[in-house]
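Okay, so here's the structure we're looking at.
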Amino acid sequence: MKEHIETLCVQAGYSPKTGESRIPPIVQSTTFFYGDSQVMADLFDLKREGFFYSRLANPTVDALEKKVAALEGGACGIGCASGMSAILLTAMTLCEAGDNLVTASEIYGGTFNLFSATLKKFGIEARFFDVDAPADDIFSLIDERTKFVFAETIANPAVAVLDFEKVAAVCKAHGVLFIVDNTLATPALCRPLSLGADIVVHSTSKYLDGHAAALGGMIVDGGTFRYKGNARYPAFNTPDESYHGLVYADLPAPFGVKCRAQMMRDTGAVMSPQNAFYTLLGSDTLALRMERHSRNAEKIAAFLAGHPKVEWVRSPALPGDKYHALAQKYLPNGTGGMMSFGIRGDKSACARFMEHLRIATQETHVADVRSCVLHPASTTHRQLSEEQLAAAGIASNLVRLSVGIENADDLISDLTQALEQV
Ligand SMILES: *Cc1c(COP(=O)(O)O)cnc(C)c1O
């Protein structure tokens, strides 16, 4: 039986045996006991499944990995310390010096820095394309050293919606991996693996946890990409000398195994059992919350679009938005709580507006149950000049709003009184 997302949110990932705790226990232990040395040897040879050291696997983290893999419809999950470490491990599993990756420019700022500055120091080149660019432009960036193409389902903070069909076709034609950051859509609204993606990454710090309680990341391997004989991926087709001659392409989920056995082993960027527990708890209500975030955002985007003190609104939920048609195609049940809008006025008008908000608070965070706002021009992007801001697509009057699950009428009253101060 294929269960729906609402059922998987509360049921997937953990099933207790008689007498065991109903919800996954926090297994706060670095290591695990074995009385039999052959069993331990088999674990190290990956011939048997089990836990031996929490840097490689832990039962609480395992429950979350299984849950998110089930939500995304993938083969396996890998819990990481943060969203950034999930993306870093993904890139490290695939690339070495001399390789390149092809990515949408409309991505999270941290990912942009990782790709353009940090990976560059290790000889890995990032090639950028505009999400709206035609398939041919993406095609022309790919060569034999391209290891993956990367994009976000709903871009943070650009709120652009990914054209899956366009990018998936390019990747398929080249036999290159298509990796999607599904943080802001979540599997409750969109499942990239069913739309042509091969690997999905998440910052679980956002909607998956949903309560701003725990930092975390997750990698989900779809498990269907064929590495065997694909000349683009020699590291999957030749023996790994650091893992006594293992050939990853021969295994059921080559990427997932290589990522854990090699890169998690060598970096230790692992999720803690405590953070996995908070995220498990939060994700129980993911489907319910995403429904409410989406309905609230639809009402608030419409309200803002009709307000005289608001110059413009960017939300894929708004009919008339540049990405509305793609949203209807790929996110038919809603687009979550993220939007941005421009206040008629300068930076100080934005500051006055935000200081008068009583419900939505100013935070460097998005995608949790509480509404929050941020003015990038005076915070995250304050080092940039007016010209640089314009190049980054960030107007000086842009306010980013992450709509929470409060009552929509209360949020609208709050926005109304704060806009009166502008
Ligand atoms: C926040 C975020 C990240 C980074 O996640 P952290 O958990 O903060 O490391 C990556 N991608 C997207 C889309 C994000 O919103």
Around Leu304: net Lys/Arg minus Asp/Glu count, Cβ-Cβ under 15 Å: -1
Built amide H within the under 5 Å cut-off of Asp181, gap 5+: Ala151, Glu152, Thr153, Val201
222 nm mean residue ellipticity, helices alone, for the chain (DSSP H n ≥ 4; -39,500 (n - 2.57); rounded to 500): -9500 deg cm²/dmol
Can you tell me the alpha carbon radius of gyration of the range 286-419 divided by the globular rule-of-thumb value 2.2 N^0.38 Å? 1.01
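With a ≥ b ≥ c the root eigenvalues of the C-alpha gyration tensor of the range 1-95, is it rounded (a/c under 1.5), prolate (a/b larger than b/c) or oblate?
oblate
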Taking Cα pairs under 8 Å and at least six residues apart, what relative contact order does the range 156-287 come out at, in percent? 21
At 1.4 Å probe size, what's the solvent-accessible area of Lys309? Round to the nearest 10 Å². 60
Taking amide H positions as placed 1.01 Å from N in the peptide plane, with prolines and chain starts having none, which residues 5 or more places from Asn100, or on another chain, fall under 5 Å of its amide H? Glu125, Thr146, Lys147
Which whole-Hz ³J(HN,Hα) couplings does the range 398-407 yield from phi under the Karplus relation 6.51 cos²θ - 1.76 cosθ + 1.60, θ = phi - 60°, glycine and proline marked x? 6, 10, 8, 10, 10, 7, x, 10, 5, 5
Through the Karplus equation 6.51 cos²θ - 1.76 cosθ + 1.60, θ set to phi - 60°, convert the phi angles of the range 282-295 into ³J(HN,Hα) values in whole Hz; use x for Gly and Pro. x, 6, 3, 9, 3, 4, 4, 5, 5, 4, 5, 4, 5, 5
Treat the chain as a sphere of radius equal to its Kirkwood radius over Cα pairs and apply Stokes-Einstein at 20 °C in a medium of 1.002 mPa s; give the translational diffusion coefficient in µm²/s, rounded to a whole number. 96
Go through Phe341, Pro273, Tyr330 and say which Cα lies farthest out towards the positive end of the charge dipole of the range 259-360; charges sit on Cβ, +1 for Lys and Arg, -1 for Asp and Glu. Phe341
Proximal lysines to Lys329, defined as alpha-carbon separation beneath 19 angstrom and excluding residues fewer than eight positions away on the same chain: Lys166
Can you sort Ser37, Ser371 by solvent-accessible area, 1.4 Å probe, largest first? Ser37, Ser371
20 Å Cα-Cα reach of Lys206 towards lysines, excluding residues that sit fewer than 8 places from it in its own chain: Lys66, Lys67
Dipole in debye (nearest 20) - the range 57-141, about Cα centre, beta carbon charges: Lys, Arg +1; Asp, Glu -1: 380
Per residue, how much accessible area does the range 5-282 show when a 1.4 Å probe rolls over the protein heavy atoms, in square angstrom? 41
Heavy-atom accessible area of Phe277, protein chains in place, probe 1.4 angstrom, given in Å² to nearest 10, is 40
Exposure of Ile359 as accessible area (Å², to 10), given a probe of 1.4 Å and all protein chains: 60
Once you place label points 7 Å from the Cα toward the Cβ at His4 and His211, how far apart are they in nm? 2.5
Taking protein heavy atoms only, a 1.4 Å probe, and rounding to whole percent, the accessible area of the chain owed to carbon and sulfur comes out at 55
What lysines does Lys121 reach when the alpha-carbon gap must be under 22 Å and sequence neighbours fewer than 8 apart in one chain are set aside? Lys147
Could you size up the charge dipole of the range 5-282 around its Cα centre, putting +1 on the beta carbon of Lys and Arg and -1 on that of Asp and Glu, and report it in debye to the nearest 20? 480
Taking the dipole of the chain about the Cα centre (Lys, Arg +1; Asp, Glu -1; charges at Cβ), the one of Ala158, Ser294, Pro25 that reaches farthest to the positive side is Pro25
Going residue by residue through the range 364-380, the Karplus relation 6.51 cos²θ - 1.76 cosθ + 1.60 with θ = phi - 60° gives ³J(HN,Hα) values, rounded to whole Hz and with x marking Gly or Pro, of 8, 7, 9, 6, 10, 4, 8, 5, 8, 10, 8, 10, x, 4, 10, 10, 4
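The values are calculated or read from the model by the stated rules, or taken from the named source; none is laboratory data. It should be emphasised that the depicted structure is a prediction, and the values quoted were computed from it without experimental measurement. Every residue, glycine among them, receives a Cβ derived from its backbone with ideal geometry; neighbour counts consider all protein chains shown. To get the accessible areas, we keep the full protein, side chains included, count just its heavy atoms, and leave off ligands, DNA and RNA. Shrake-Rupley method; radii C 1.70, N 1.55, O 1.52, S 1.80 Å.
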